[in-house]
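Bear in mind these aren't lab numbers, they're just calculated from the coordinates by the rules spelled out. Predicted, not measured: the structure shown is a model, and the values here were computed from it. Note: ideal-geometry Cβ built from the backbone for every residue, glycine included; neighbour counts use all protein chains shown.
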Amino acid sequence: QTFFTDDEIGNYYLLDSIITVVDAKHAPQQLDEFHEAQEQVGFADRLLLSKTDLTNEEDTKKLVDRLRRMNPRAPIKKVHFGDAPLAEVLDIRGFNLNAILELDPEFLTDLDHEHHDEVESFVFRAKKPFDGQKLEQFLSGMIQVYGPDLLRYKGILWMKGNARRVVFQGVHMMMGGDLGKPWTKADKKESILVFIGKKLPKDLFLAGLEECLAK
């Protein structure tokens, strides 16, 4: 959070993104034993999966599925000795407020899993607009209580009375938002929010967000 709160550092340095390299051979055990390893996955904008040549196809798939459930917004790329195209690891601008919310489509349909990790994620979707005042009050309250456990969160929002998308994202207790592109007649208006955190009360978040929709 130093990059966002310290103006002197922010004037000279840009936090472009967080890249996490995952050792496919040892990651399952590391994720089981160390919550720090899970947090590194949860914070990531990109996941680079190495040493897949030392694991079989079934174990690799199980690991990829597990990583996807923990962080559905981080693309996963297999690499050999860390060799990756520079365009995929530099100038990503993972902390920019933009209208791109990358979610692995398989995440939304992958319901069966054997691991219940400390770091998990969930998505809220709605085809009704939000009441802006209700949403701000709800998110502010939840962040005050659960901010330390919220690793990353981001949303593209349809707000009542607003002709443009509203984009927001946050890290822990720091949240920011801005206006995005205007909605067009061809757009299917929808809000989508993804939350990544440690033992978050998913049902409480989802029910609260539902109550924030405009009546």
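List of remarks:
- In percent, rounded to a whole number, the relative contact order of the chain is 20, using alpha-carbon pairs under 8 Å and six or more apart.
- For the chain, the Rg and Dmax computed from alpha carbons only, in angstrom: 18.0, 54
- Remark on segment 134-184: hydrodynamic radius 11.6 angstrom, per the Kirkwood mean of 1/r across alpha carbon pairs.
- Relative contact order for segment 2-88, counting Cα pairs under 8 Å that sit 6 or more residues apart, in percent: 30 percent
- From phi via Karplus (6.51, -1.76, 1.60), per-residue ³J(HN,Hα) for segment 146-163 in Hz, x at Gly/Pro: 10, x, x, 9, 8, 7, 9, 8, 7, x, 10, 10, 9, 10, 4, x, 10, 7
- Looking at segment 1-85, the DSSP beta bridges with both ends there are about 10 percent antiparallel.
- Residue pairs, from the table K134/K185; K160/K202; K51/K199; K62/K185, whose Cα atoms sit over 32 Å apart: K62/K185
- Q30 paired with A163, simple spin-label distance in nm, labels 7 Å along Cα-to-beta-carbon: 5.1 nm
- Principal axis box of segment 2-88, alpha-carbon based, largest edge first, Å: 48, 29, 19
- Counting Lys and Arg as +1 and Asp and Glu as -1 over every other residue whose Cβ lies under 12 Å from the Cβ of A87, the net charge comes to 0.
- Ascending count of other beta-carbon atoms within 10 Å, so fewest first, for S191, S17, S140: S140, S17, S191
- A simple charge model with +1 on the Cβ of Lys and Arg, -1 on the Cβ of Asp and Glu and nothing else charged puts the dipole of segment 2-88 at about 480 debye relative to its Cα centre.
- Where only DSSP H runs of four or more residues are counted, the chain gives -8500 deg cm²/dmol as its mean residue ellipticity at 222 nm, each run worth -39500 (n - 2.57).
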